[in-house]
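Shown next, in structure tokens, is the structure this report addresses.
The values are calculated or read from the model by the stated rules, or taken from the named source; none is laboratory data. Small disclaimer: the values here were computed from a predicted structure and weren't measured. All Cβ positions, glycine included, derive from the backbone under ideal geometry; neighbour counts span all protein chains shown.
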């Protein structure tokens with residue numbers, strides 16, 4: 001129906017429905033079956049400054065297909081700035097970002113979204129007055145083909161499209177286990193569930209690359225476990241490549257394949273969780289060094 | 001009881017028209033954060049276009065069917081407002097993305113003067129009539145309940161019905177269509193809307209077009225009541241207290257605020273007027289707005305702004 005086949009890996013309605021059934025049995029073994037592919041996102045020598053403040057200095061790293069790549073670092077390390085560069089919110093002064101071999105420097109969020117990149121926000125940026133269903137439906141915006149006039153006069157094609165999109169969104173709602181809140185305005189939901197809606201809206205875009213900005217910020221342990229499970233499921237079931245920023249070291253080390261560590265806008269470590277854990281620069285950035 | 005109800009009805013009818021104009025403000029402010037000072041000028045511009053098209057169509061095409069003439073003129077005037085919306089976005093607001101609210105306000109102030117001037121240059125600066133066949137005769141209702149019945153102005157009644165239908169259509173458009181959903185999304189959060197691929201500039205053109213059509217309907221109703229002339233752009237000043245009362249971000253607020261002010265000014269004129277020496281109708285709305293600013297600055301339904309300190 002939509003371009004699922006054309007773009008390769010993003011979840012289709014069927015896949016999401018299937019994931020729903022598999023949810024109970026998702027566990028470690030499934031993860032080994034996942035095949036890490038070629039580089040899909042290549043960040044080269046990015047520097048970003050706001051006036052005199054250097055947010056990022058000469059950052060390079062890559063992200064491979066199907067992997068979960070974490071960006072960690074203390075407060076103010078430049079993690080969100082990095083994500084905002086990839087997402088097209090900020091334009092870095094130097095360096096380049098290539099997505100599936102296409103290099104871009106001046107692009108706005110909408111154009112990046114069209115290239116199959118979805119994101120969630122650190123401080124929830126949901127449409128507060130709208131219901132859960134409507135919020136996630138907005139994620140289907142790029143898949144809509146009918147025009148304003150057709151929608152206004154309730155043309156048959158517009159109606160059919162709306163219900164087809166609705167089915168996909170219902171699949172996502174089931175997947176994220178928020179069926180009971182379908183019609184609730186998101187502003188009235190508990191914080192942890194709002195984060196899920198944020199993820200749901202991003203998933204509705206059927207992204208190839210999913211950027212998660214502190215998906216577990218402000219959550220309690222139980223909510224963090226739920227969110228980790230959803231992230232792993234998305235990665236397993238749909239093969240979505242994920243770049244995530246997180247503060248909580250234990251969570252990051254558990255779910256990510258490779259980790260980039262930033263501190264004061266510079267890259268101080270890059271590797272598997274174990275490598276990063278053993279890196280003395282990383283330890284000193286997090287714990288402080290004795291002078 | 002009779003005079004009270006009569007005044008109440010009168011107030012509700014006028015209030016409905018205030019609501020229409022306030023609605024234009026709210027639509028644009030919600031979607032783009034721009035306080036559109038030009039809303040009044042848009043009413044004037046639209047009404048002038050409507051009045052002159054309705055005059056020119058029979059003159060140049062020889063089509064002498066009042067309903068058709070008016071219908072075609074309305075469609076043309078609506079098209080003019082859509083083109084205007086597109087031009088404003090392309091030439092003015094599209095170049096001021098991410099600027100301060102005050103900068104955008106000043107830009108709309110500029111648009112106001114441009115529209116007032118160019119509207120009169122294009123369409124003439126006389127007093128024009130819009131005759132869409134609104135009945136002028138008053139009617140009496142509830143003659144059994146009250147002695148002599150209640151005097152209701154038929155024209156006002158029609159106007160209120162038109163306004164109510166327009167508001168209902170807008171509500172349907174916003175709630176039930178995919179584009180309406182995208183509009184609400186942009187109103188809630190620009191950044192997030194853009195990240196899911198909603199084109200902000202196209203949405204803004206749509207919003208300004210909708211506000212333009214709302215201005216056209218308001219202009220047609222006021223114009224058929226009072227004639228189309230420069231002072232029409234001043235009715236927008238009456239809508240300012242309405243949006244303060246109802247809240248700048250709330251569509252129901254604009255409607256209820258309009259009704260409250262319409263009713264309030266009529267009732268105060270009748271009941272407080274004799275005590276204070278009359279003429280209350282002129283300033284009542286502004287005093288009410290001032291009181292609201294002191295007590296509840298976000299208005300009845302507006303979002304309370306909570307700043308993180």
Problem - Residue check for residue B:192: within 14 Å of another protein chain (Cβ to nearest Cβ) and either farther than 26 Å from residue B:15 by Cα or in contact (Cβ under 8 Å) with a residue 12 or more places away in the chain (or both) - result: yes
Handout entry: Residue in region A:230-237 that is surrounded by fewer than 24 Cβ atoms within 10 Å (Cβ to Cβ), within 14 Å of another protein chain (Cβ to nearest Cβ) and in contact (Cβ under 8 Å) with a residue 12 or more places away in the chain present
Key = no
Practice task
Answer with yes or no whether residue A:200 is touching a residue at least 60 places away in the same chain (Cβ under 8 Å), within 25 Å of residue A:116 (Cα to Cα) and within 14 Å of another protein chain (Cβ to nearest Cβ).
Solution key: yes
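Every residue, every condition in (1) in a strand (DSSP E or B); (2) within 23 Å of residue A:268 (Cα to Cα); (3) touching a strand residue (DSSP E or B) at 6+ places or on another chain (Cβ under 7 Å), yes or no:
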residue	(1), (2), (3)
A:36	no, no, yes
A:49	yes, yes, yes
A:56	yes, yes, yes
A:59	yes, yes, yes
A:71	yes, yes, yes
A:81	no, yes, yes
A:84	no, yes, no
A:98	yes, yes, yes
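Residue-wise test of (1) in contact (Cβ under 8 Å) with a residue 60 or more places away in the chain; (2) exposed (fewer than 13 other Cβ atoms within 10 Å of the Cβ).
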residue: B:58; (1), (2): no, no
residue: B:62; (1), (2): no, yes
residue: B:70; (1), (2): yes, no
residue: B:87; (1), (2): no, no
Fill in the blank from the handout: Restricted to region A:67-76 and to residues being surrounded by 17 or more Cβ atoms within 10 Å (Cβ to Cβ) and either out of contact with any helix residue (DSSP H, G or I) (no Cβ under 7 Å at 6 or more places or on another chain) or free of Cβ contacts under 8 Å to residues at least 12 places away in the same chain (or both), the residue farthest from residue A:248 (Cα to Cα) is A:67
Practice task
Could you grab me the full set of residues in region B:170-189 that are within 20 Å of residue B:86 (Cβ to Cβ), free of Cβ contacts under 8 Å to residues at least 40 places away in the same chain and more than 7 Å from chain A (Cβ to nearest Cβ)?
Solution key: B:180
Problem - Test for residue A:48: is it more than 14 Å from chain B (Cβ to nearest Cβ), over 20 Å from the mean Cα position of the chain (by Cα), within 24 Å of residue A:217 (Cα to Cα) and crowded, with 21+ Cβ neighbours inside 10 Å - result: no
Exercise for the section: Determine whether residue B:285 is under 27 Å from residue B:27 (Cβ atoms) and either in contact with a strand residue (DSSP E or B) (Cβ under 8 Å, 6 or more places away or on another chain) or surrounded by fewer than 15 Cβ atoms within 10 Å (Cβ to Cβ) (or both). Expected result: no
Practice task
Give the residue that is nearest to the other protein chains (Cβ to nearest Cβ), with candidates limited to residues of region A:103-115 that are assigned to a loop (DSSP other than H, G, I, E, B) and under 17 Å from residue A:43 (Cβ atoms).
Solution key: A:115
Practice task
Would you be able to say whether some residue in region A:184-194 is under 24 Å from residue A:37 (Cβ atoms) and in contact with a strand residue (DSSP E or B) (Cβ under 8 Å, 6 or more places away or on another chain)?
Solution key: no
Practice task
Kindly list the number of the only condition in (1) surrounded by fewer than 23 Cβ atoms within 10 Å (Cβ to Cβ); (2) within 14 Å of chain A (Cβ to nearest Cβ); (3) modelled with pLDDT of 85 or more that fails for residue B:222.
Solution key: (2)
Exercise for the section: State whether one or more residues within region B:291-305 are touching a residue at least 60 places away in the same chain (Cβ under 8 Å), surrounded by fewer than 20 Cβ atoms within 10 Å (Cβ to Cβ) and assigned to a helix (DSSP H, G or I). Expected result: no
Exercise for the section: State yes or no: is residue A:199 touching a strand residue (DSSP E or B) at 6+ places or on another chain (Cβ under 9 Å), surrounded by 19 or more Cβ atoms within 10 Å (Cβ to Cβ) and modelled with pLDDT of 90 or more? Expected result: yes
Practice task
Within region A:122-153, work out how many residues are touching a helix residue (DSSP H, G or I) at 6+ places or on another chain (Cβ under 8 Å), surrounded by fewer than 23 Cβ atoms within 10 Å (Cβ to Cβ), within 11 Å of another protein chain (Cβ to nearest Cβ) and not in a helix (DSSP H, G or I).
Solution key: 9
Completion exercise
Every listed condition ((1) touching a helix residue (DSSP H, G or I) at 6+ places or on another chain (Cβ under 7 Å); (2) away from chain A (no Cβ under 14 Å); (3) at pLDDT 90 or above) holds for residue B:122 save (1)
Completion exercise
The correct count of residues that are touching a helix residue (DSSP H, G or I) at 6+ places or on another chain (Cβ under 7 Å) and part of a helix (DSSP H, G or I) in region B:214-229 is 11
Practice task
Answer yes or no as to whether residue A:190 is more than 14 Å from chain B (Cβ to nearest Cβ) and without any contact (Cβ under 8 Å) to a residue 60 or more places away in the chain.
Solution key: yes
Handout entry: Flag if residue B:246 is in contact (Cβ under 8 Å) with a residue 60 or more places away in the chain, surrounded by 21 or more Cβ atoms within 10 Å (Cβ to Cβ) and more than 30 Å from residue B:133 (Cα to Cα)
Key = yes
Completion exercise
From the option list B:132, B:111, single residue qualifying as crowded, with 19+ Cβ neighbours inside 10 Å and more than 28 Å from residue B:204 (Cβ to Cβ) is B:132
